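Notes for the one structure printed next.
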Amino acid sequence: MPNIQQILKEEISRLARKEIKAQMSGTVKQVALYRKEIVALKREVAGLQRQIASLEKSNKRMSTAKVETAADGQAAMKGISGKRIASKRKALEISAADFAKLVGASMQSVYFWEQGRTKPRNAQLVKLHEIMGIGKREANRRLEEIG
């Protein structure tokens, strides 16, 4: 009798395992699919966070470079100094004459701005703020357009 009982017990447990395995296979596939989706979403979130950070950084740069108008109507020189003009010109690797063409001023004016002897006028300030946000390629492209 114990032998039949043992055989019956083993058969029942085998059938139970088989049934559980059949039911769990779909669940296991679903879990694997969800894990893949989670990884993809994490990558997407990380990419979007990097994109947000770079946009905030560029927005911060652009907002500090904007011209603010003072109460008397004169444009304030926020963020524009002689050193900054000189360093941007050197970063663009262009001569003072070429920089003057970009700004729409004379070479002597650019020299005086860099030395701190004079300050740019409102029209040049707007152009200077634009130039502070461009790179070498864009500067060279604009110089070619000017001729």
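The values are calculated or read from the model by the stated rules, or taken from the named source; none is laboratory data. For clarity, every value in this text was computed on a predicted model and none was experimentally measured. Counting neighbours? That spans all protein chains shown, and the Cβs are built from the backbone with ideal geometry, glycine included.
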Open item on the list: Name the residue that is modelled with the lowest pLDDT, counting only residues in the range 78-109 that are crowded, with 18+ Cβ neighbours inside 10 Å and either in a loop (DSSP other than H, G, I, E, B) or in contact with a strand residue (DSSP E or B) (Cβ under 6 Å, 6 or more places away or on another chain) (or both).
Closed with: 80
Task: Considering residues of the range 110-134 that are in contact (Cβ under 8 Å) with a residue 60 or more places away in the chain and assigned to a helix (DSSP H, G or I) only, the residue surrounded by the most Cβ atoms within 10 Å (Cβ to Cβ) - done: 129
Task: Residue selected from the range 30-68 under the condition within 16 Å of residue 127 (Cβ to Cβ) and either β-branched (Val, Ile, Thr) or within 18 Å of the chain's Cα centre (by Cα) (or both), by the criterion modelled with the highest pLDDT - done: 62
TODO: Provide a single number: the residues in the range 135-147 that are surrounded by 13 or more Cβ atoms within 10 Å (Cβ to Cβ) and within 26 Å of the chain's Cα centre (by Cα).
DONE: 4
